[in-house]
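> Got a structure for you, questions after.
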Amino acid sequence: MNELFYLVPAASLVALFFAWFFFHQMMKESEGTVTMKEIAQYVREGAMAYLRQQYKVVIIVFIVLAVIFSILAYGFHVQNAWVPFAFLTGGFFSGLAGFIGMKTATYASARTANATMRSLNAGLKIAFRSGAVMGLTVVGLGLLDISLWWLILNAFVEEASEAQTLVVITTTMLTFGMGASTQALFARVGGGIYTKAADVGADIVGKVEQDIPEDDPRNPATIADNVGDNVGDVAGMGADLYESYCGSILATMALGASTFFSQGTDVQLRAIMAPMLIAAVGVVLSILGIYAVRTKEGASLKDLLGSLSVGTNLSAVLIAVVTFGIFRLLGFPNWWQMSLSVLSGLLAGVIIGKATEYYTSHSYKPTQKLAESSQTGPATVIINGVGLGMISTAIPVVTIAIAIILAYGFATGFSFSTDTLSMGLYGISIAAVGMLSTLGITLATDAYGPIADNAGGNAQMSELDPSVREKTDILDSLGNTTAATGKGFAIGSAALTALALLAAYIEEIKIGFSHVGKTVLEVGDRTVETVSATITDIVEYYDISLMNPLVLVGIFLGAMMAFLFCGLTMTAVGRAAEKMVVEVRRQFREIAGILEGKQRPDYTSCVRISTKAAQQEMVFPSLLAIIVPMLVGILFGPAGVIGLLAGGLGAGFVLAIFLANSGGAWDNAKKYVEEGHFGGKNSSSHHATVVGDTVGDPFKDTSGPSLNILIKLMSMVSVVMAGLAVMLHG
């Protein structure tokens, strides 16, 4: 086991090396003309200035939370002493992953635009491999953080038995997942508010009121819009998927330690190592997939989607095959069944991605029909877009439901009894690891989108030949679809991981009993030692059933949290966008010569408005996700918390898919009209789809993608605060 473990840090170093290599290759390319370099520098400076401000706020929040965890650990002794430190490192690595990805993107956009002048393939290669820097950085730092904490805790933690030590180590490691989730939520919400305030303001005044093209240098909000693509869709998304990736691995490790608790430490170690090894092999196979992506000149959107699919599908097929070997090597008695559990997660991810592509790409009928509805005005565009998003939830929800049943069934031999519950939950959790095992390339296809978008903006502002903008628009349309696919992937993995975290919460409750000195439980007419209590015993002890009003109250509160959180983030974008619209209108009205191109707009004031709005508006929704699980645990105990997490998962999962797909379809319907359909640019149909796109902006880039973090952050907070809930409701 020890020898196999070192494959994990080795894989993390391989990922980080290739991230550096792709970054170095990209930096060798030319940024183009003096104007292209100047515009790229504006965007870089704006993005870095925003991140500096965001990190100042986040650092304060992290210090306060670390103090609270220290009081719980060292004052009340209801928490492991390592929790405050693990929490801080999780936040640090999550922020670092987002920072590196965003820095790469701000250097790559002008280079992508310049390369596109040579060929479409050259532009795709730079944009995609720059996106791969983000993907490989996320998986590399994630595995590095996990490896370091595994070594540290193994060296210092010692419980009554070796089996108990492994349980404590793995549940303690979950808390750095909370740090990653907290940082990710601030990054997603803050970045989403920033980017959509600028985007909506630029579109409403520029496209609709002034009839000037997207990314026109005469639009004062253009630089802020391009900065927003980087801080929201790159830095925010990188932090988001870092916590998804780590959360799935950590939850599976914790379940492995508890599921095989009574079968000896050797079996426990195999179950703990399995998710780490699958993730490690996934890194190598993702790199192979990245090298497989290329296209031909004159490729259509469908051709480009096919090119990216070659890379992602190659990685997925290879990891599916290798997984069988990993479980066989580890000596699992049901090795091929466990491999099928992983395969069910992988297939679920592929199906969700394809369903998202179908509903959001203008290569297919749903988005084409949505664009067609623009002929009767913006109202029908919005109505049909909302309907499309609602319908699009069916395939992902059914897919996840089937994946859960299959992953559970394969792990247990399709025995759905209380005796096999823990093994089944381990199967579901390992399926989430399978879904995210090829994140290195999946995230590359996601991060590629904002780079292509910024490349188009740079081409437009630099007044390059229109053919360059046409090529970058093709890459951008592809980016809209891949971004929506990435969001669907993240949401799907969140559903599986959140289920595993529910089980991990039960295990943390058991450890909470030991913290408060409770060694036996009265379960019905039986007396059970807490150290050997099963999930079923804990569920019975706290009466976690639908007949318990505390559980029902928790379910309602969890469902409400999904909608309340979305409402807060949507209205935050609305308020920030109002300020942006007022400022852009003021500049057009008061600064003479902007529309004639004789006077440069004041880009800085628009950047400042977005930055300030994001800093002010991101704090309350993000803190709510931390405070509510704490309060529910204090007031209603573990039964209420389980209800909260179940309600949040059910409502949040479906709502997130709806928002992401509606937003993606509105965006690509606009692109479809801009290609010349239904009147083309500056027609009434175009104006109608622009209105739809502005409504969809906070749907797909602020509220929707933040929901999957909300689901997991509430779970992580509950796990960390389980000891306090037990102390008050033991």
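The values are calculated or read from the model by the stated rules, or taken from the named source; none is laboratory data. As the structure is a prediction and not an experimental result, all values here were calculated from the model. So basically every Cβ, Gly included, is an ideal-geometry build from the backbone, and we count neighbours across all protein chains shown. Areas reflect the complete protein model, heavy atoms only, side chains present, ligands, DNA and RNA absent. Shrake-Rupley method; radii C 1.70, N 1.55, O 1.52, S 1.80 Å.
> Would you check if residue 641 is at pLDDT 95 or above and open to solvent by less than 30 Å² (accessible area, probe 1.4 Å)? Show your work before the answer.
Working: at pLDDT 95 or above: yes; open to solvent by less than 30 Å² (accessible area, probe 1.4 Å): yes.
When the stated conditions are applied, residue 641 passes them.
> Can you pull out every residue in region 671-730 that is within 18 Å of residue 356 (Cβ to Cβ), aromatic (Phe, Trp, Tyr) and over 17 Å from the mean Cα position of the chain (by Cα)?
672
> Shifting gears a bit: Pick out the one residue from 155, 197 that is under 27 Å from residue 619 (Cα atoms) and at pLDDT 85 or above.
Details: 155 fails: under 27 Å from residue 619 (Cα atoms).
After applying the criteria, what remains is 197.
> Considering only region 153-176, state which residues are assigned to a helix (DSSP H, G or I), under 16 Å from residue 511 (Cβ atoms) and out of contact with any Phe, Trp or Tyr (no Cβ under 6 Å at 6 or more places or on another chain).
153, 162, 164, 165, 166, 167, 168, 169, 170, 171, 174
> Sticking with this one: Search region 1-13 for residues that are touching a residue at least 60 places away in the same chain (Cβ under 8 Å) and more than 10 Å from residue 151 (Cβ to Cβ) and pair each with any residue that is open to solvent by 100 Å² or more (accessible area, probe 1.4 Å) and of a type outside the set (Phe, Trp, Tyr) when their beta-carbon atoms are under 9 Å apart and the residues are at least 6 apart or on different chains.
4/329
> Let me ask you something else. For region 590-609, indicate whether the set of residues that are of a type in the set (A, V, I, L, M, F, W, C), touching a Lys or Arg at 6+ places or on another chain (Cβ under 9 Å), in contact (Cβ under 8 Å) with a residue 12 or more places away in the chain and in a loop (DSSP other than H, G, I, E, B) is non-empty.
Yes, region 590-609 contains a residue that is of a type in the set (A, V, I, L, M, F, W, C), touching a Lys or Arg at 6+ places or on another chain (Cβ under 9 Å), in contact (Cβ under 8 Å) with a residue 12 or more places away in the chain and in a loop (DSSP other than H, G, I, E, B).
> Sticking with this one: Considering only region 376-415, state which residues are assigned to a helix (DSSP H, G or I), small (Gly, Ala, Ser) and under 11 Å from residue 654 (Cα atoms).
Residues satisfying the conditions are 389, 394.
> While we're looking at this one, here's another question. So which of 17, 22 ends up being at pLDDT 90 or above and surrounded by 19 or more Cβ atoms within 10 Å (Cβ to Cβ)?
Exactly one residue qualifies, and that residue is 22.
> Being open to solvent by less than 50 Å² (accessible area, probe 1.4 Å), part of a helix (DSSP H, G or I) and at pLDDT below 80 is the filter here, so list the residues in region 273-311 that pass it.
Listed by number, the residues that qualify are 301, 304, 305, 306, 307, 308, 309.
> What are the pairs with Cβ atoms under 8 angstrom where one residue, in region 260-279, is farther than 14 Å from residue 422 by Cβ and among the small types (Gly, Ala, Ser) and the other, located anywhere, is open to solvent by 10 Å² or more (accessible area, probe 1.4 Å) and in a helix (DSSP H, G or I)? Sequence gap at least six, or different chains.
From region 260-279, the pairs are 264/163; 274/326.
Each row is one residue, and each column tells you yes or no for (1) among the hydrophobic types (A, V, I, L, M, F, W, C); (2) open to solvent by 40 Å² or more (accessible area, probe 1.4 Å); (3) under 20 Å from residue 646 (Cα atoms).
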residue	(1), (2), (3)
491	yes, no, yes
495	yes, no, yes
504	yes, no, yes
507	no, no, yes
531	yes, yes, no
544	yes, no, yes
549	no, yes, yes
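> Still on this structure, I have one more. Could you please tell me which pairs satisfy a Cβ distance under 7 Å, a separation of 6+ or placement on different chains, a first residue in region 564-575 that is without any contact (Cβ under 8 Å) to a residue 60 or more places away in the chain, and a second residue that is open to solvent by 40 Å² or more (accessible area, probe 1.4 Å) and part of a helix (DSSP H, G or I)?
The qualifying pairs are 568/620.
> If you don't mind, another one. Within the set of pairs 6 or more residues apart or between chains, which connect a residue that is more than 18 Å from residue 241 (Cα to Cα) inside region 707-721 to a residue that is open to solvent by 10 Å² or more (accessible area, probe 1.4 Å) and aliphatic (A, V, I, L, M) with Cβ atoms less than 6 Å apart?
From residues that are more than 18 Å from residue 241 (Cα to Cα), the pairs are 721/630.
> Give region 50-60 a look and list any residue that's open to solvent by 20 Å² or more (accessible area, probe 1.4 Å) and in contact (Cβ under 8 Å) with a residue 24 or more places away in the chain, or say none.
Passing the criteria: 53, 55, 57.
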